[in-house]
Amino acid sequence: AKSTTEPPVPQPASVESQTHRFSIQPLHRFKGASASIKRPREVAHFSFDDKHEYLHDESGLNYYIPPPIGADLKEGFDAFRHYEDKEDAHLDAMLKALVDTEKRNGESARVRADFVTWRGMMTKILTAPFDNFAEFGMFATFYDGTIYIEEDFPSRAAERAAEANQPPPKYHHPDQQPREMMTYWGYKFETLALIPTPPASTAPKEIENYQRSVVSNHAQHCSIVNTSFGPHSLILGGEVDGLLAPKPKDPDTPVQWVELKTSEELPARQQHRDILKFERKLLKFWAQSFLLGVPKITVGFRSKAGILRGLQTFNTHELPGMVRRGTNCWDGNVCINFATEFLGWLKERIMEEGVYSIVLQKKSGVVEVKKIKEGTGGIVSEEFLAWRQKKD
Ligand code: A3P
Ligand code: MG
Ligand code: MG
């Protein structure tokens, strides 16, 4: 037998990487005037067609028309063409649009930023301080001076599958609708409120035909903007619902986007808890629209059973003030200052190549960041890497 007195073989330095933690609380650190924000400017756009295939054009653009009050948002449910990502789409469509824009407009179209991500990821970060149930999982990679952030798609897909497998509740209100219906009527509302041609040049008969079409969420139009939080610049991509006026030719003129939302109508005699529930929802509406520079949000109020009862349009920039004077359940400045601090903190921890996880576990109040492997994890597409390497 081998002698046990042999000195231990020296182990290589641990490859296990360190976990960095950013605590969201206490929030008083983020109070006061907000960090300066650059108004988002569109730098690129793309559409998905009716098969959810990428197109570098404006074919997915829609215009707002007032939907008919009294419409049943459940109508047509059986024919719903519901698109859900089955494979990890990473940042591919957005990066493709950036490449296509550079190919079309030349070198001057290239925009550099500290961060590139989907608007949805920034919405999760921005709203985390005022959502006690906030949780997220993201992956990030560092490439050529920029941090690219995507959703942890495998975990999200597993969660969705688990939710779908839950048995329906045994006891429920007669108006209670299945989860899939709650998803459907948001899209039905959009179908009633959006048409692909400017309303002024569309015949009433045509408008009716559009409103009657089969509800599908395959087609989309996405806007990619350049914005900044304090010293941190970002490129954000996200779906935009519709236009209130044709898109201006001048890129410095704000685009009259409108975000459409449905929400349960408030009871005639409102209790504090009804208002609180609605104002909490406004946090998500505000964050989502604010990030892409969407100036208006039109809410379709529906009954419990899904009948459209009324419409109200909010100015995105007025929502924080409205809530401050109302239930005061969230503070937009705190959200912005938190996000600014957090982005600066991320910049100092994601400075070399590799794949990093960014995780906020429900109710933990602490975001954890660590390097999990080498490479780029497919976060930056091959097409994008090839294009950038060719140019440099
Ligand atoms: P509502 O927001 O009116 O419920 P968006 O508002 O972001 O444009 O999304 C349009 C619709 O997609 C939503 O309408 C909802 O029906 C559906 N939807 C969006 N995100 C969802 C989610 N996380 N879970 C279920 N449905 C969702
Ligand atoms: Mg939308
Ligand atoms: Mg919407």
If we take the range 125-222, then helices (runs of 4 or more DSSP H) inside it with 1 or more residues that are within 16 Å of ligand 2 (Cβ to nearest atom) and basic (Lys, Arg) are 179-193
Of the residues in the range 226-253, those that are within 19 Å of Arg110 (Cβ to Cβ) and either more than 16 Å from ligand 2 (Cβ to nearest atom) or touching a Gly at 6+ places or on another chain (Cβ under 6 Å) (or both) come to Asn226, Thr227, Ser228, His232, Ser233, Leu234, Ile235, Pro251, Asp252
inquiry  = Against the condition β-branched (Val, Ile, Thr) and within 16 Å of ligand 2 (Cβ to nearest atom), how does Val294 come out, does it pass?
reply    = yes
- Return yes when Thr316 is within 27 Å of Ser36 (Cβ to Cβ), within 23 Å of the chain's Cα centre (by Cα) and of a type in the set (Ser, Thr, Tyr) and no when it is not. yes
Going through (1) crowded, with 21+ Cβ neighbours inside 10 Å; (2) β-branched (Val, Ile, Thr); (3) more than 16 Å from ligand 1 (Cβ to nearest atom) one by one, Val215 fails only at (3)
Considering residues that are exposed (fewer than 15 other Cβ atoms within 10 Å of the Cβ) and farther than 15 Å from Ser263 by Cβ, the number found within the range 176-195 is 4
The residue that is nearest to ligand 3 (Cβ to nearest atom), considering only those in the range 252-290 that are closer than 18 Å to Arg325 by Cα and free of Cβ contacts under 8 Å to residues at least 40 places away in the same chain, is Phe285
(1) closer than 25 Å to Arg280 by Cα; (2) surrounded by fewer than 15 Cβ atoms within 10 Å (Cβ to Cβ) all hold for Asn165 apart from (1)
Pairs returned, first residue in the range 175-190 that is at pLDDT 95 or above, second residue that is within 16 Å of ligand 3 (Cβ to nearest atom) and among the basic types (Lys, Arg), beta-carbon separation under 8 angstrom, 6 or more apart or interchain, are Trp185/Arg302; Gly186/Lys261; Phe189/Arg302
In the range 177-212, anything within 16 Å of ligand 1 (Cβ to nearest atom) and over 22 Å from Asp49 (Cβ atoms) is listed as Gln177, Pro178, Arg179, Glu180, Met181, Met182, Trp185
Note: among Leu95, Leu61, just one is in a helix (DSSP H, G or I) and among the aliphatic types (A, V, I, L, M), namely Leu95
Checking Asp114, Asp49 in turn, the sole residue that is acidic (Asp, Glu), surrounded by fewer than 19 Cβ atoms within 10 Å (Cβ to Cβ) and more than 30 Å from Leu308 (Cα to Cα) turns out to be Asp114
For the range 85-105, check the following and say yes or no: at least one residue is farther than 27 Å from Pro154 by Cβ and touching a Leu at 6+ places or on another chain (Cβ under 9 Å).
no
Counting only residues in the range 176-195 that are out of contact with any Leu (no Cβ under 7 Å at 6 or more places or on another chain) and closer than 22 Å to Ala93 by Cβ, the one farthest from ligand 3 (Cβ to nearest atom) is identified as Thr183
Requested in this report: May I ask you to verify whether Lys261 is within 16 Å of ligand 2 (Cβ to nearest atom) and part of a strand (DSSP E or B)?
Outcome: yes
All-but-one check, Ala109 against (1) more than 14 Å from the chain's Cα centre (by Cα); (2) at positive phi, failing number (2)
Taking first residues from the range 236-251 that are closer than 23 Å to Arg112 by Cα and second residues anywhere that are of a type in the set (Phe, Trp, Tyr), the pairs with Cβ under 6 Å that are 6 or more apart or on different chains are Gly237/Trp118; Val240/Trp257
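The values are calculated or read from the model by the stated rules, or taken from the named source; none is laboratory data. Not measured: the values here are computed from a predicted model. Positions of Cβ are backbone-derived with ideal geometry, glycine not excepted, and every protein chain shown enters the neighbour counts.
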